[in-house]
1. Taking the stretch 51-102 on its own, how many of its residues are open to solvent by 80 Å² or more (accessible area, probe 1.4 Å) and hydroxyl-bearing (Ser, Thr, Tyr)?
2. I'm checking my understanding of the structure. Among residues of the stretch 1-38 that are among the hydrophobic types (A, V, I, L, M, F, W, C) and either farther than 19 Å from Ser58 by Cβ or modelled with pLDDT under 70 (or both), which one is most open to solvent (accessible area, probe 1.4 Å)?
3. When you go through Ser78, Ser98 one by one, which is the residue that is more than 35 Å from the chain's Cα centre (by Cα) and at pLDDT 70 or above?
4. What are the pairs with Cβ atoms under 8 angstrom where one residue, in the stretch 58-83, is in contact (Cβ under 8 Å) with a residue 60 or more places away in the chain and the other, located anywhere, is open to solvent by less than 100 Å² (accessible area, probe 1.4 Å)? Sequence gap at least six, or different chains.
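The values are calculated or read from the model by the stated rules, or taken from the named source; none is laboratory data. Fair warning: this is a prediction, and the values are worked out from it, not measured in the lab. Using ideal geometry, Cβ is built from the backbone for each residue, glycine included, and neighbour counts are taken over all protein chains shown. Surface areas here come from the heavy atoms of the whole protein model, side chains and all, with no ligands, DNA or RNA. Shrake-Rupley method; radii C 1.70, N 1.55, O 1.52, S 1.80 Å.
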Amino acid sequence: MADDEQNTPGLVPGLVQEFAAQLRGITEGLEGLASGRFPPAPGAFPLPGALSAAQLASIADSIAAQRRSIDALKTQLSSFDEQLAVLEQVLGPLAEWSGNWAELEQRLLNLGGGRPGGSGRA
């Protein structure tokens, strides 16, 4: 799961960079056409509409996958929060009882503390 979380965020910037590089290539090709030069070989120059549509579809798929991942994390966090709430309810009375017990122990120890050499027994 940790690998998925680390790889997914890097995917979108990589796709955007690739998309920008392809757009740059297309722009250079169009500049070549405008100046009278033609692409070196037929079919080597991809159609801009198909290329950008594929890139946008890929980006949209990546975003949808990230949103699904976030939904899964929300579900896990909600479940964890419920477990913590139950644990908090169980530990509350136990902590109160423990505090009362410590107080009782302290009072019992203080009963025999005033006698020199006394063990606290009557």
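1. 1
2. The first filter runs over the stretch 1-38 and keeps only residues among the hydrophobic types (A, V, I, L, M, F, W, C), leaving 1-2, 11-12, 15-16, 19-21, 23, 26, 30, 33-34, 38.
Cutting the leftovers down to either farther than 19 Å from Ser58 by Cβ or modelled with pLDDT under 70 (or both) gives us 1-2, 11-12, 30, 33-34, 38.
Numbers: Met1: 130, Ala2: 61, Leu11: 87, Val12: 34, Leu30: 89, Leu33: 72, Ala34: 91, Phe38: 162 Å².
The residue in question is Phe38.
3. On the way: Ser78 fails: more than 35 Å from the chain's Cα centre (by Cα).
Matching residue, one of Ser78, Ser98: Ser98.
4. Listed pairs, sorted by first residue: Ser69/Glu5; Ser69/Thr8.
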